[in-house]
Amino acid sequence: MTDDFAVALTAWQKSHGRHDLPWQGSREPYTVWLSEIMLQQTQVAAVIPYYQRFLERFPTLKVLAEAPLDDVLALWSGLGYYSRARNLHRAAQAVMAQYGGKFPETLEAIMELPGIGRSTAAAILVFAFGKRSAILDGNVKRVLARVCGIAGYPGETAVAAQLWQQAEALLPKTGLRPYTQGLMDLGATLCVRRNPRCAECPVQRLCVAFKTKRVAELPTPKPRKALPQRRTMMLVLQRAGEILLEKRPATGIWGGMWSFPEEDADADVVKACARRYGAAVILKESLPVIAHGFTHFKLDILPQPATVSAWPQRAEEPGRLWITPDDALRAAVPTPVRDIIEQLISDRG
């Protein structure tokens, strides 16, 4: 099946695949790497404007490495999975420090960089350097699970090993760029999770799932378990047309970004502000609850606006920032914080 699969897939990609994405055609390792990182767990349509703005601000790996992390996070704001941005910044600095700014060209060396796994490293090798290496991202896992009839949740070690084995076995000796792009395109456009377009699939005659009528069953879904529900209150403190933001710890949720101070959902806001800052506040009407989902839990955010009537000088510390709502929208803020700020601007008229 190896040759038939590669020939059919490559021919389809050349005539029906995607050819107008802004990162396609580039052989520059930096832009290939950037696009691959942005496309992790994110739809192409969402990535395109971020990719273009990012390259305008950081046109080279060197510029990215020398930029403040705050600037990187600000341009990433809204794209989600912010550890990708932090790792991108760290990896750029590592390439400058360890390789003199020249991107490494081996799978092992690329995988040593922060935030780059086996499949991403392989994609960089193929598209930037034309080297022979197998990819296995989420879309490709779905394609191979169906084509090869591999049951079991792909996140399980044994199932992933089978998929990697097939990814390596099906890899052609030549034409690696169109073949690899074809795998990505097939998974993104035809062999989708729901309602796949099997009638248009170039490898339908080779697909075990299609032959055995198991397309809807494969790949095996992740075992479901209820996500824990959490609640938090965000203190939307306002003073002289500005709002208070605090820098979050470098690691963890929204690491290194600017956010509203948080308290327990049932906290007494007046007492909390007195305890934290020695400040006096006057409560305003609460804003609507924001439901936000993470990979491992769900979070209800209760935004509580308050006007600051007294703010002691000692409360002005590093990591705290008074900023206008309009300027805050240009800072590195998480999506829920951006939503709250936009609501404040809207209410202001």
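One table, with the values for the structure above:
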read-out	value
Given (1) crowded, with 16+ Cβ neighbours inside 10 Å; (2) without any contact (Cβ under 8 Å) to a residue 24 or more places away in the chain; (3) not basic (Lys, Arg), number of the condition residue 218 does not satisfy	(2)
Counted residues, region 39-98 - those being among the polar types (S, T, N, Q) and in a helix (DSSP H, G or I)	5
Scope region 169-209; condition closer than 24 Å to residue 158 by Cβ and of a type outside the set (A, V, I, L, M); matching residues	187, 191, 193, 207
Matching entry among 103, 54, 58 (being of a type in the set (A, V, I, L, M, F, W, C), at pLDDT 95 or above and within 24 Å of residue 175 (Cα to Cα))	103
Residue under evaluation residue 206, criteria (1) surrounded by fewer than 20 Cβ atoms within 10 Å (Cβ to Cβ); (2) in the same structural domain as residue 121 (by TED's automatic domain parsing); (3) closer than 25 Å to residue 43 by Cα; (4) in contact (Cβ under 8 Å) with a residue 60 or more places away in the chain, criterion not met	(3)
Count - residues of region 296-332 that are hydroxyl-bearing (Ser, Thr, Tyr) and surrounded by 12 or more Cβ atoms within 10 Å (Cβ to Cβ)	2
Criterion: within 21 Å of residue 12 (Cα to Cα) and within 22 Å of the chain's Cα centre (by Cα) - qualifying residue of 115, 138, 155	138
Cβ pairs under 7 Å, 6+ apart, first in region 141-166 and within 17 Å of residue 212 (Cβ to Cβ), second among the charged types (D, E, K, R)	142/193
Residues that are at pLDDT below 90 and either in a helix (DSSP H, G or I) or closer than 14 Å to residue 242 by Cβ (or both), drawn from region 307-345	313, 314, 315, 316
Hits in region 189-199 (condition: in contact with a helix residue (DSSP H, G or I) (Cβ under 6 Å, 6 or more places away or on another chain) and buried (at least 20 other Cβ atoms within 10 Å of the Cβ))	191
Members of region 1-38 that are within 24 Å of the chain's Cα centre (by Cα), surrounded by 14 or more Cβ atoms within 10 Å (Cβ to Cβ) and within 18 Å of residue 190 (Cα to Cα)	17, 18, 21
Scan of region 67-94 for residues that are in contact (Cβ under 8 Å) with a residue 24 or more places away in the chain and over 18 Å from the mean Cα position of the chain (by Cα), ordered by number	93
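The values are calculated or read from the model by the stated rules, or taken from the named source; none is laboratory data. Quick caveat: nothing in here was measured; it's all calculated off a predicted structure. Using ideal geometry, Cβ is built from the backbone for each residue, glycine included, and neighbour counts are taken over all protein chains shown.
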